[in-house]
Each structure stands twice: as C-alpha cells, then as structure tokens.
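Chemist: Sharing a structure here in structure tokens format.
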Amino acid sequence: MREPAFWRTDGGRGSGSLVRALLTPLSWIYAWATARRIRRTNPLDPGIPVICIGNLTLGGTGKTPVAQTILGRLSNMGYRAHALSRGYGGRLKGPVRVDPATHAARDVGDEPLLLARVAPAWISRDRPEGAQAAVEDGAQVLVLDDGHQNPTLRKRLSFVVIDGEAGWGAKTVFPAGPLREPVAAGLARADAVIVMTRNADTLPDYHGLGLADLEIPVLHAWLAPSGPPPRGPLVAFAGIGRPQKFFDALQAAGANLTETGQFADHHPYSQGDLKRLKRLARAHESALITTEKDWVRLPTAMQPEVTAWPVRAEFANPAALDGLLRDMMDAGAPGR
C-alpha cells in the first residue's frame, strides 16, 4: 500500500487531523490487539541466538540492508549466521531455504532474495518452524528480518530501526498513523536503536525522536551506494516504502534523472507497468534504473534492460555494533 499523506503530519486543523480523529478508535483496537498477542504468546527458544531487525512503523526504514550488514559482520566473526523472513509477497509458505538460482520474488518475496546474496536465508510463514529448519541446517545464530511485533520466537537481541527523516510520523497507531504499536511499548522491548539518516553527514535528531534519554544504545547508520550511478540520462522507478528517498540519493550521487515513477511498496510489476516504463524511457531517450529490491521483482526477461543500483548499510560506529553482537554471542543466556 502507499501511505496516506496524513500519516506524516503532526497537527493542525486540516482534513488530515479530521481523518486521524475518525480513525483513532480503530487505532486503539489495533494497539490493544498487538499488545495482547505479544503478552499472551509463549515464544519458542530455538536453541540458538535470535537477532531481530524490526521497526515500529509501517513502510521501509532500511531493515533489510541493516540485516545484510549484520549477517556479514557475524560471518566475519566466524559464526554461521542464517536469515529468516516471513517471505512477504511470495506464494510459498515454507519453511524453505531460498535459492536465488531457482526462486523468484513471486515464490519467496523480494527481501529474502537480497538476504540470500550474503548468507543462507529461509522463508517461513511460521517463524518457529523456519527457525528449527535453519538450526537443523547448521545455523549458529539467526537474523530475523522484521518481526519486532511477532512474539513467536525468543529474541536474544532486538534492534529497532528508525527512519531519522520520517521519524514516527503523526505519532499515532495504524490506521490513524504509521505506527505498528505505541512508541514507548515498542522501545521497551528493544535492546538497541538504529537511526537511519540520509548520509554520513546528516546527524540524527535524537531529541526530536525522543531518544536523547534512552537507556539503551542508539546507533547511527545510513544507506550508501555500492558504486556511482550510470552516466547519461536515466528514468528511475521504485516500489519501496519511500521511493523519493531513492530518487534523492541518485541525484545526490550525480545521476541525471529525466523522469521518475513511484509504485507501492512490494509492487508486483505487470506487463503493462513494464511497457509504460519502456515507453517513458524511449520518450526521454534514457536508460531505466531501479533499486535492487525492485529489480528482483522484475520478470527475468526484463532484468537485462534495467540497471539495479545497490546500497549497503554503513554505521558511524561499527565497533559499537560489533560489541553488541559479540556480547550477545558470548553471553549464552536465554533471551526474553
């Protein structure tokens, strides 16, 4: 879905405030149901540490690139780290180990395909079953991409990832706002926070986000391109949480954008979409470029005609991240 504009406003007397007021009773029910599910669920301990990379808002915050970075750092430490995802957008229920050579996004979802590029990755609608399959396959530590509101697995270390620019939006719970649960409730179950900013030079607004007095570590990270964009005129398109962030990043890197196209998050590209994009590129005498996450959702025949622009999560203090990971792996104590 594409988020409504009133999710990202904080007050005033406009139509957004009226809509939020009308939806607030449904927000109370949604928040109550989430809290009740978390409180009443008895989580499974799979016998290995589970690291959760989650967030408190709907839409993209950079969880998957963060999960990729953490998987890589755990591997560099000598641990057999596996990824686990629900497989949103895929038809398979799992548990299934993702094979990029045979699986497509329509099978396992787009994010698991990206995770499988850096570590063994599993999809499973039932997270405990997926965790047990990974353990049987030799996993020593499990990185859960999303799942802060999923209480079915016992977590040893829970990161909450925040978009430092969008923040908490209107600070109201779905459907009146973008929050999956109240901020205080979500942060109370977190072991650390990762604030994603536009680049290394953009410092997080810790006070504005309500993180200045938080008693858990707050890390600063950003998405950095793996390389420069192609030269020449480009038509960029994206179906992610906030497509404009991708377009802004391209322009900041020196890309010559002649046109852009926005789609909803996890958008399954149809033949009609692809024909329109190709017509747009021809009209502007431009090449097509998109995110890695969108590229894996394209039909195989279309992929050679589109450039994927990969990004990676970088940390201002990688030693602090490594310290949290090492402490968790050394602790040996069961999680919450």
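The values are calculated or read from the model by the stated rules, or taken from the named source; none is laboratory data. Computed from a prediction, not measured in an experiment: that's the story for all the values here. We place every Cβ from the backbone using ideal geometry, glycine too, and count neighbours over all the protein chains shown. When the accessible area is computed, the model is the full protein with side chains, heavy atoms only, and any ligands, DNA or RNA have been set aside. Shrake-Rupley method; radii C 1.70, N 1.55, O 1.52, S 1.80 Å.
Chemist: Which residues, counting only those in region 71-94, are over 16 Å from V108 (Cα atoms), in contact with a strand residue (DSSP E or B) (Cβ under 6 Å, 6 or more places away or on another chain) and not in a strand (DSSP E or B)?
Modeler: L71, L74, S75, Y79
Chemist: Select from region 285-326 the residues that are modelled with pLDDT under 95, basic (K, R) and part of a helix (DSSP H, G or I) and list them in ascending order.
Modeler: Of everything in region 285-326, just one residue is modelled with pLDDT under 95, basic (K, R) and part of a helix (DSSP H, G or I), namely K293.
Chemist: Have a look at G147, G169, G164 and point out the one that is open to solvent by 20 Å² or more (accessible area, probe 1.4 Å), more than 16 Å from Y30 (Cα to Cα) and not aliphatic (A, V, I, L, M).
Modeler: Result: G164 is the single residue among G147, G169, G164 that is open to solvent by 20 Å² or more (accessible area, probe 1.4 Å), more than 16 Å from Y30 (Cα to Cα) and not aliphatic (A, V, I, L, M).
Chemist: Tell me which of these P204 doesn't satisfy, since it passes every other one: (1) at pLDDT below 95; (2) within 17 Å of the chain's Cα centre (by Cα); (3) crowded, with 21+ Cβ neighbours inside 10 Å; (4) not in a helix (DSSP H, G or I).
Modeler: (2)
Chemist: Among the helices (runs of 4 or more DSSP H) confined wholly to region 96-180, which include 1 or more residues that are within 16 Å of I48 (Cβ to Cβ) and in contact (Cβ under 8 Å) with a residue 40 or more places away in the chain?
Modeler: 127-136
Chemist: How many residues does region 6-27 contain that are surrounded by 12 or more Cβ atoms within 10 Å (Cβ to Cβ) and either at pLDDT 85 or above or assigned to a helix (DSSP H, G or I) (or both)?
Modeler: Summing the residues that are surrounded by 12 or more Cβ atoms within 10 Å (Cβ to Cβ) and either at pLDDT 85 or above or assigned to a helix (DSSP H, G or I) (or both) in region 6-27 gives 11.
Chemist: Quick test for you: out of L187, L142, pick the one residue that is in contact with a His (Cβ under 7 Å, 6 or more places away or on another chain) and either surrounded by fewer than 19 Cβ atoms within 10 Å (Cβ to Cβ) or at pLDDT 95 or above (or both).
Modeler: L142 is the lone residue from the list that is in contact with a His (Cβ under 7 Å, 6 or more places away or on another chain) and either surrounded by fewer than 19 Cβ atoms within 10 Å (Cβ to Cβ) or at pLDDT 95 or above (or both).
Chemist: Here is a further query. Scan region 45-72 residue by residue and report those that are open to solvent by 50 Å² or more (accessible area, probe 1.4 Å) and either under 23 Å from W309 (Cβ atoms) or touching a Ser or Thr at 6+ places or on another chain (Cβ under 7 Å) (or both).
Modeler: Hits for region 45-72: nothing passes.
Chemist: Further, regarding this structure: Taking region 226-238, which residues are under 20 Å from the mean Cα position of the chain (by Cα), at pLDDT 90 or above and either open to solvent by 50 Å² or more (accessible area, probe 1.4 Å) or among the small types (G, A, S) (or both)?
Modeler: A238
Chemist: Given the criteria part of a loop (DSSP other than H, G, I, E, B), modelled with pLDDT under 95 and within 30 Å of A104 (Cβ to Cβ), does G261 qualify?
Modeler: Here the answer is no, as G261 does not meet what is asked.
Chemist: Okay, next question. Of everything in region 190-201, what is buried (at least 21 other Cβ atoms within 10 Å of the Cβ) and closer than 23 Å to E3 by Cα? Give them in sequence order.
Modeler: Listed by number, the residues that qualify are I194, V195, M196.
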